[in-house]
Amino acid sequence: MKFRNTLILVAVAILLGGYVLFVERKTTPVDEQSATIPTPVAAALTFDSGNARNVAIVRASQGQRTELAYGGDGLWRLIAPVQDEADQEQVIRFVEALSQLRPSRALTETTSQPADYDLDPPDIQVDVIMQDGAIHTLRLGAMNPSQSGYYGQVAGDATIYLMPFSVGADAERMLNTPPVKPTPTPEAQATQPPLIPPPPTAQP
């Protein structure tokens, strides 16, 4: 008798489990059932960083301009706001980031205008002039609410993108603190201990 009751309980449990699974499947939102992984956004800017010859970063609203030129000696130099050798590592890193600039996402479903994102006019404009005279332009606007990136556009493309935070932050840094070559820190000179004169010799 006990064995028969156990079989009945197992059968009821199986039926209940099947019913719950059926109900959950029927109530799952259609958009979740058909959800797919978003396609990565293609690079908004692409160029050979080794052929860049001039970089201008401008914030017209505050009269700020930082301009760099690549010389025949293979070094980047500041030509505005001061004339000096540039911090090579900082400039090269910035140009390379621009040369394969991949946005976090594209705002394809928004009805807002560029001015709503501080893009008309842009807060910051970056122009990269190539060896053949071609110009690649990035326009940066406001940061997004979570401050994880900057809204931006590239010349010839009306799409508004969310650009990486690092690119916008580097552009800001170059305007506020132009990338002058760091002054080498002089090495501390080893100091010699003071000479102690020998004790006077006893006179006979």
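Return an integer: the convex hull volume of the alpha-carbon atoms of the range 36-131, in Å³ per residue.
115 Å³
Please calculate how many Å² of accessible area the range 50-106 carries per residue, with a 1.4 Å probe and no DNA, RNA or ligand atoms counted.
With all protein chains present, the range 50-106 gives 51 Å² per residue.
Tell me, what ³J(HN,Hα) does each residue in the range 108-117 have, in order and in whole Hz, if you take phi through Karplus 6.51 cos²θ - 1.76 cosθ + 1.60 with θ = phi - 60° and put x for Gly and Pro?
7, 9, 7, 9, 6, 9, x, 5, 5, 10
Send over the semi-axes of the range 83-188's equivalent ellipsoid, whole angstrom and largest first, taken as the square roots of 5 times the C-alpha gyration tensor eigenvalues.
Result for the range 83-188: semi-axes of 29, 16, 12 Å.
Taking all protein chains in place and a 1.4 Å probe, what share, in percent, of the accessible surface of the range 126-166 do carbon and sulfur account for?
The computed percentage sits at 52.
The values are calculated or read from the model by the stated rules, or taken from the named source; none is laboratory data. None of these values were measured; they are calculated from a predicted model. Surface accessibility is based on the protein's heavy atoms, side chains included, excluding ligands, DNA and RNA. Shrake-Rupley method; radii C 1.70, N 1.55, O 1.52, S 1.80 Å.
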